[in-house]
Amino acid sequence: MATVIDGKAFAAGLREKIGKAVSEIQSNHGVKPGLTVVLVGEDPASQVYVRSKGKQTVEAGMESTEHKLPADTSEADLLALIDRLNNDDSVNGILVQLPLPDHIDESKVINAISVAKDVDGFHIENVGKLSIGEESLVPCTPAGCVLLLKDHLGDLTGKNAVIVGRSNIVGKPVSMLLLQENCTVTVAHSRTQDLPAVCREADILVAAVGVPELVKGDWVKPGATVIDVGINRIETAEGKTRLVGDVDYAGASEVAGAITPVPGGVGPMTIACLLRNTVIAACRQHGVPVPDGI
Ligand code: NDP
């Protein structure tokens, strides 16, 4: 049976290190990193997520502020708020919770955030910097995947990595990060031919698809490391719901060398990496070295 990669425990350890880094920066340099989250509308999942971000930011010793705006907020008002936050020195990281209501142009809003404060790493300039290997703010979930892989496998050089999914927020940035780690990267998607055969070539298989349990056990190369990014809520036979990933966990864990569970795998890494990005952003903005170990 595969080793279970415990993302929950890893993320807790990372948050502890971040907490120590925050107190070090504050006592040595007088800088208290601050994260501001902007939420437009009342999407229940987004509200839960934003609460969780706020709580973990405070627990790490950072400043946390939230701007909750009504669903009918105009694009101009949202852009004006972002402009104020860009110019507020107490704000080191700005995150606009997605999705935004339909009447607001998401990419216009993301690209209005200061590149230096874009802790989600979605600004077009951060995306470009990541792709050419320049210092940037890296999207949180992809960064979390790579931290787990490096913790489990050490040096990733020469590994065959297959990423199923080519979204801008997960698949593409994961592929860029694994290229930087000297993997041989294949990105698969809905038009890929013979996806099972492509997956079977993978030493590292990352599933970021949004299709419950798409990746079957017999798509996995024996001994491979499987990172399941998917979070899908499905109905059980008893009429209840439960969370499953994009990988058939029971089948894959009989073949893989190691696998992330859902929940408790990649999921908890996202907020931990958001806190990490906020500390990195604050350090860069103040010309302070980023503490080791985060
Ligand atoms: P998107 O819907 O944006 O992208 C899905 C990708 O999967 C697309 O590239 C699509 O291909 C590909 N795809 C869809 N169906 C198939 C198929 N049958 N075979 C092969 N490829 C397919 O999703 P996201 O990247 O935003 O999210 C992916 C999953 O990760 C979701 O379950 C989401 O909930 C989860 N997630 C988890 C996070 C976390 O852990 N914190 C954060 C973000 C996402 P094509 O481009 O051809 O359409």
Note on the chain: helices (DSSP H) long enough, at least 15 Å by alpha carbon along their axis, and hydrophobic enough, mean Kyte-Doolittle at least 0.0, are 75-86, 140-153, 267-286
A student asked for the Cα radius of gyration and Dmax of the stretch 56-113 in angstrom ought to give 12.3, 36
Restricting to lysines and to Cα separations under 25 Å from Lys17, and discarding same-chain partners fewer than 8 apart, the set is Lys8, Lys32, Lys53, Lys55, Lys117, Lys150
Given 248-261, 265-278, the highest-first ranking by average Cβ count within 10 Å works out to 265-278, 248-261
A convex hull over the alpha carbons of the stretch 160-200 yields, per residue, a volume in Å³ of 52
Rounded to whole angstrom, the alpha-carbon centroid of the stretch 247-285 lies from that of the stretch 52-73 at a distance of 21
Summing -39500 (n - 2.57) over every DSSP H run of at least 4 in the chain, dividing by its residue total and rounding to the nearest 500, the 222 nm mean residue ellipticity is -12500 deg cm²/dmol
Expressed in square angstrom to the nearest 10, the accessible area of Ser52 with a 1.4 Å probe stands at 40
Reduced to Cα centres, the span from the stretch 185-225 to the stretch 95-163 in Å works out to 22
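The values are calculated or read from the model by the stated rules, or taken from the named source; none is laboratory data. Predicted model, so just to flag it, every value in this text is computed and none were measured. No Cβ is skipped: glycine too gets one built from the backbone with ideal geometry, and neighbour counts run over all protein chains shown. For accessibility, only protein heavy atoms count, side chains too; no ligands or nucleic acids. Shrake-Rupley method; radii C 1.70, N 1.55, O 1.52, S 1.80 Å.
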